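Participant: Just dropping this structure here.
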Amino acid sequence: MVQGVVVFQGKINGVVTFTQLHRLGVQIDIDLDRLSPGFHGLHIHRTGDLRKGCESCCEHYDIYGNDHGDIDDENSHTGDLGNIEADENGEVHMQLFTKKFKVKDIIGRSLIVHEDEDDLGRGRNKSSKINGNSGSRLACAIIGIAE
């Protein structure tokens, strides 16, 4: 079983694992804390370059040239994972599934948690189709190979 892992330490703590379920797709297990309550955009970004912090991670990972959208939208970015919701204690414990990529394709890229809710490309301005108006990059980490 191929598995990728992201470990957040700092403003946000926790672990996100990506598990390849053979031809069924990828299971994403999210266990984070220290977030503000509410929704936060979650995206895989094209690079894992952290030399300038989260700002050097470039744009959302996308292999087809699509617009921004939700995880299940047919024509969304490959790395669009939608929103996560932190409870009143700032904790997130949830699971997502996708068939948009394989785990081996995202190793070395970055995962970013954004400050605001992602409008999933349904906003009325140009940036909605680029980044979902999800605000600043709250935390980022490189997706590595899990033991």
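Participant: How many of the residues making up region 36-46 are part of a loop (DSSP other than H, G, I, E, B) and either closer than 11 Å to residue 112 by Cα or among the basic types (Lys, Arg) (or both)?
Facilitator: To start, the set of residues in region 36-46 that are part of a loop (DSSP other than H, G, I, E, B) comprises 36-37, 46.
Going one step further and asking which of them are either closer than 11 Å to residue 112 by Cα or among the basic types (Lys, Arg) (or both), we end up with 46.
Looking only at that region, the number is 1.
Participant: Kindly indicate which of 131, 66, 125 is out of contact with any Phe, Trp or Tyr (no Cβ under 8 Å at 6 or more places or on another chain) and either touching a residue at least 60 places away in the same chain (Cβ under 8 Å) or among the acidic types (Asp, Glu) (or both). Lay out the reasoning, then the answer.
Facilitator: Numbers: 66 fails: either touching a residue at least 60 places away in the same chain (Cβ under 8 Å) or among the acidic types (Asp, Glu) (or both); 125 fails: either touching a residue at least 60 places away in the same chain (Cβ under 8 Å) or among the acidic types (Asp, Glu) (or both).
On inspection, the qualifying residue turns out to be 131.
Participant: Give region 87-118 a look and list any residue that's more than 17 Å from residue 17 (Cα to Cα) and in contact with a Lys or Arg (Cβ under 9 Å, 6 or more places away or on another chain), or say none.
Facilitator: Matches in region 87-118: 90, 114, 115.
Participant: A follow-up question, please. Please work out which one of (1) in a loop (DSSP other than H, G, I, E, B); (2) among the hydrophobic types (A, V, I, L, M, F, W, C); (3) within 26 Å of residue 88 (Cα to Cα) is the condition residue 5 fails and give its number.
Facilitator: (1)
Participant: Another question about this same structure. Of all the residues that make up region 55-70, how many are surrounded by 14 or more Cβ atoms within 10 Å (Cβ to Cβ) and outside any loop (DSSP other than H, G, I, E, B)?
Facilitator: Restricting attention to region 55-70, the residues satisfying the condition of being surrounded by 14 or more Cβ atoms within 10 Å (Cβ to Cβ) are 56-57, 59-62, 66-70.
If we keep only those that are outside any loop (DSSP other than H, G, I, E, B) too, we end up with 56-57, 60, 67.
Of the residues in that region, 4 qualify.
Participant: Here's another thing I want to ask about it. Being surrounded by fewer than 18 Cβ atoms within 10 Å (Cβ to Cβ), out of contact with any strand residue (DSSP E or B) (no Cβ under 9 Å at 6 or more places or on another chain) and part of a strand (DSSP E or B): is that true of residue 52 here?
Facilitator: It is true that residue 52 is surrounded by fewer than 18 Cβ atoms within 10 Å (Cβ to Cβ), out of contact with any strand residue (DSSP E or B) (no Cβ under 9 Å at 6 or more places or on another chain) and part of a strand (DSSP E or B).
Participant: Going residue by residue through region 86-95, is there one that turns out to be modelled with pLDDT of 95 or more, out of contact with any strand residue (DSSP E or B) (no Cβ under 8 Å at 6 or more places or on another chain) and part of a strand (DSSP E or B)?
Facilitator: Let us first name the residues in region 86-95 that are modelled with pLDDT of 95 or more, namely 86-95.
Imposing the further condition that a residue be out of contact with any strand residue (DSSP E or B) (no Cβ under 8 Å at 6 or more places or on another chain) reduces the set to 87-88.
Now narrow it down to the ones that are part of a strand (DSSP E or B): none.
Among the residues of region 86-95, not one is modelled with pLDDT of 95 or more, out of contact with any strand residue (DSSP E or B) (no Cβ under 8 Å at 6 or more places or on another chain) and part of a strand (DSSP E or B), which makes the answer no.
Participant: Being free of Cβ contacts under 8 Å to residues at least 40 places away in the same chain and either farther than 19 Å from residue 145 by Cα or not in a loop (DSSP other than H, G, I, E, B) (or both) is the requirement here; does residue 15 meet it? Lay out the reasoning, then the answer.
Facilitator: Details: free of Cβ contacts under 8 Å to residues at least 40 places away in the same chain: yes; either farther than 19 Å from residue 145 by Cα or not in a loop (DSSP other than H, G, I, E, B) (or both): yes.
For residue 15, the condition - free of Cβ contacts under 8 Å to residues at least 40 places away in the same chain and either farther than 19 Å from residue 145 by Cα or not in a loop (DSSP other than H, G, I, E, B) (or both) - is met.
Participant: Kindly indicate whether residue 41 is buried (at least 19 other Cβ atoms within 10 Å of the Cβ) and out of contact with any Lys or Arg (no Cβ under 9 Å at 6 or more places or on another chain). Explain how you work it out, then say what you get.
Facilitator: Details: buried (at least 19 other Cβ atoms within 10 Å of the Cβ): yes; out of contact with any Lys or Arg (no Cβ under 9 Å at 6 or more places or on another chain): yes.
Taking the combined requirement at face value, the residue satisfies it.
Participant: Can you tell me which of (1) touching a strand residue (DSSP E or B) at 6+ places or on another chain (Cβ under 6 Å); (2) of a type outside the set (D, E, K, R); (3) touching a residue at least 40 places away in the same chain (Cβ under 8 Å); (4) farther than 20 Å from residue 5 by Cα is the one residue 77 doesn't meet?
Facilitator: Of the numbered conditions (1) touching a strand residue (DSSP E or B) at 6+ places or on another chain (Cβ under 6 Å); (2) of a type outside the set (D, E, K, R); (3) touching a residue at least 40 places away in the same chain (Cβ under 8 Å); (4) farther than 20 Å from residue 5 by Cα, the odd one out for residue 77 is (3).
Participant: I'm checking my understanding of the structure. Among residues of region 96-105 that are assigned to a strand (DSSP E or B) and of a type outside the set (S, T, N, Q), which one is farthest from residue 1 (Cα to Cα)? Spell out how you get there, then give the answer.
Facilitator: Initially, region 96-105 is screened for residues assigned to a strand (DSSP E or B), giving 96-98.
Checking which are of a type outside the set (S, T, N, Q) leaves us with 96-97.
Details: 96: 17, 97: 16 Å.
By that ranking, first place goes to 96.
Participant: Take the residues of region 109-147 that are in contact with a Cys (Cβ under 9 Å, 6 or more places away or on another chain) and outside any strand (DSSP E or B): which is surrounded by the fewest Cβ atoms within 10 Å (Cβ to Cβ)?
Facilitator: Taking the candidates together, the pick is 136.
The values are calculated or read from the model by the stated rules, or taken from the named source; none is laboratory data. Keep in mind that what you see is a predicted model, and the values were worked out from it rather than measured. Here the Cβ is made from the backbone with ideal geometry for all residues, glycine too, and neighbour counts use every protein chain on show.
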